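One structure is given below, encoded as structure tokens.
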Amino acid sequence: MSASDEGNAAAAGYAPHPYVGGRTAALRALAAWRMRWPGAPRVVVLTGNPGSGRSRLVTGFLMMCDPGYRKQLPLDDLDPATVPPDLPPPAVPTPSGRTAAQVLWLIADHFGLSAVRSDDICPELATREEPVTIVVPDVDRAGPVRAADEPARLVREVLKPLAATETVQLLADVPRELAAELAEALPPGQVQIIDLDAPEWADPKGLVLHAVTALDPDAGAPELPFTTDPAVRRTLAEALARRADGSRLTVQLAVQSLLMQPEGFDPAAGSLLPGSVGEALDLHARRLGADPQTLRLLLAPLAFAEGEGLPVQLWGALANAVAGRDMSQDLADGMLLAAPFIQPVEQAEDADDEAAEDGAEGGRTLLRLQHPGIAEEIRSGLPDVRDAQTKIAMALLEAVPQQNWSKADPYIRDHLAAHTLDAGLLPQLLTDPGLFAHADPVTMRAAIEAVPLEQLGAPARTYLRTAPLLTRSQAPPGMRAAFLETAFVEDGLAPYAEALHTLGFALPWRTLWSVPLAGVRAVTTGSLPQEGEDGATAETAPGADGAGAGAGGEGPVPASGTAAPRPVAAFVVPEGTPGSRTVPGPDGDSSEAGGSALLLHDLLRPGYVDADPAQVRLPSEEAKAAAPYGFSRGADYLRVWARAGQEVVAALLSDTPLTGADLSPDGVLVVATERGVTARQILAAAPAVTPTVPAQRTGAAGSDASDGLEGDHS
């Protein structure tokens, strides 16, 4: 099949696809792929230059694969070879803004797979009796952080394994630089590359039709001398298509420019028609009597914008920063200048957003460029991209009121890391615990993971270790701060943990200490009698690592000489653990203890305690009943609730299974996991926001369960 099929289809009297407006050859190839026609490839890689119309083609094809859309399309008027059979719609995991792992888990969820690890997804698909059909559009838009190169990761970690799975029928829209890499992993005959800019797939007549439609008043164009006359309209459309050299984006921008500012345009002057996206920008500026460089500087902040777009109120400050001068007058006078290239987006206010919590109502307006191809053109025209990003990052930092992240624009909180990553400055930013708590964990994690591990400082490594828990829980900033507070204590970064208590968060707990101790099977809280009472003596003893200090690094803790009993936590550990004492059996025979021993730790501060475990006194039933809090636990989560109103005041999630937990009458929660033991003093006096607890996946302890649980679904 080739471009000659376009003419054959027209000669046969078939109507063009109402959305695609051509591309008969490509639609025939996709229909053959969908119906598994004999000789059709199992994998199709769709590629082309930015603005070649890949997304539009995939969207138009998916319309014919969807039962609802099929009823709205004039299928009987279309070339039958372009219409796929009426089958169940394919899975379409959209990668825009998502990580490779998130896309993979979208596929797992779509097909109801029981996989626990990401590595198990493709093998489980391979066991299917019937083939599965997957369409992955817009791979070039993958990832929450543009500079993290998520499209390449998506191809290597998701698309290549899917393409190698014999039961998977795959169609992927991939940038040209990655298309060959995806295709070369498959044997000949199983894969086909459709390059929309190659001669055999080109569609010059369809491009003319695209321009004719865009200029037609019946399709919404204004009535102008070159739009109302069909002959003039057709001549202009042919000239536009011819100059654009196959680029639908160039034609689209040229038409928008002409329709928005038609004064002074002569359809017979071919010099006013652009041959590229860059020429479309420059010609538009010159027709409006402006300097093309001014237009590019105005659009530069939008070319670097992350996420859904840049808040309109930040545009001016960032334009000033990139230009190195005051652009306010240029911006005020330049709305017509920039309008053909900009798309406004009305963003609804997130109910969990801190601005909403502060009483702000309604949404806000974001601005983004019409197409990623425009952003590429503007970035490529700057003398120093890294310098531009550095100026943007500094301007964003200056826009944070009193450097208080709770008052910062959500765009700054969530995307500053992405801008500093592109500027090469991210490691210097990753020392602020307030930013860690307020920033969206999905975007922050993606940015940090793009930095070589050896370049990250200790706080950033702690964040990276905790990020799966933050994304999995979908917790608001206050709960993220609580999880990070504990993580900093666990990693010996007590000043960072303490800083989180000074930033206005109503944290549900204060982490008292943490010890990295594997093999703890259970924990309980109790107390030792005062020194000398009943002959007992409580002295500091070396811990499992031979040191008396806990995670806080405060050194040995002297025994209490006061009359009050000393609160302690007792860990059930394997026999032979340094510092532990074997548990005697009922008759004093230690062999009956089943290989267990007890290790005592001070309850309120770091430090192991050398004392006879038999002297530990457990809280009475009366003390437990009078305690202000109770708790309940699952495999990897725990909730603390106030007995008075049965309201949850603290919720804890763990990235490893819980092996033990206890809550002392005075509200100290001791939790053991496969990695160690941590004590938290419950502080909450009001109901806490409970983070989401995902449905549990089963799997062996120590398996890579985080792939399925941690937030790749978020």
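Placing +1 on the Cβ of every Lys and Arg and -1 on the Cβ of every Asp and Glu, with nothing else charged, gives the chain a dipole about its Cα centre of roughly 920 debye. Pairs of C-alpha atoms in region 151-300 farther apart than 18 Å represent 65 percent of all such pairs.
To the nearest ten degrees, helix 248-260 and the longest principal axis of the Cα atoms of the chain are 70 degrees apart.
Each peptide among 282-292, 567-577, 139-149 gets the average number of other Cβ atoms lying within 10 Å of its residues, and from highest to lowest they stand as 139-149, 567-577, 282-292. Rounded to the nearest 10 degrees, the inclination of helix 458-473 to the longest alpha-carbon principal axis of the chain is 80 degrees.
List the GluC sites (Glu not before Pro) in region 210-299 that DSSP assigns to loop (not H, G, I, E or B) and whose Cβ has at most 12 other Cβ atoms within 10 Å. Which are they? Passing sites in region 210-299 are 223, 263.
The per residue volume of the convex hull around the alpha-carbon atoms of region 617-682 is 84 Å³.
Estimated from helices alone, the mean residue ellipticity of the chain at 222 nm is -10500 deg cm²/dmol (sum of -39500 (n - 2.57) over DSSP H runs with n ≥ 4, per residue).
Here the Karplus relation 6.51 cos²θ - 1.76 cosθ + 1.60, evaluated at θ = phi - 60°, turns the backbone of region 188-193 into coupling constants of x, x, 8, 9, 9, 9 Hz, with x for every Gly and Pro.
Working from the pairwise distances between different alpha carbons, so that the mean of 1/r is found and then inverted, what is region 398-530's Kirkwood radius in Å?
Across region 398-530, the inverse of the average 1/r is 15.8 Å.
Selection among 328, 182, 564 by position relative to the dipole of the chain gives 182 as farthest towards the positive end (Cβ unit charges, Cα centre). The distance linking region 176-248 with region 631-648 is 60 Å (Cα centroid to Cα centroid, whole angstrom). With a/c under 1.5 counting as rounded, go ahead and sort region 41-162 into rounded, prolate or oblate using the C-alpha gyration tensor (a ≥ b ≥ c being the square roots of the eigenvalues; past the cut-off, prolate if a/b is larger than b/c, else oblate). Because a/c hits 1.5 or more and a/b fails to exceed b/c, region 41-162 counts as oblate.
Each residue, residue 72 and residue 624, gets one label point 7 Å from its Cα in the Cβ direction; the gap between the two is 6.2 nm. For the chain, take the longest principal axis of its alpha carbons; what is the angle in degrees between that and the long axis of helix 24-34, to the nearest 10 within 0 to 90? The angle comes out at about 40 degrees. Treating each Cα of the chain as one equal point scatterer and applying the Debye formula with no solvent, the log10 of I(q)/I(0) at q = 0.07, 0.09 Å⁻¹ comes out as -0.62, -0.91. What part of the accessible area of the chain, given as a whole %, is carbon or sulfur when the probe is 1.4 angstrom? So the carbon and sulfur contribution to the accessible surface is 52 percent. Per residue, the chain exposes 42 Å² of accessible surface when a 1.4 Å probe is rolled over the protein heavy atoms with every protein chain present.
The values are calculated or read from the model by the stated rules, or taken from the named source; none is laboratory data. Quantities reported herein were computed from a predicted structural model and do not represent experimental measurements. Glycine also receives a Cβ, built like all others from the backbone with ideal geometry; neighbour counts cover every protein chain displayed. These accessible areas exclude ligands, DNA and RNA; they are computed on the full protein's heavy atoms, side chains included. Shrake-Rupley method; radii C 1.70, N 1.55, O 1.52, S 1.80 Å.
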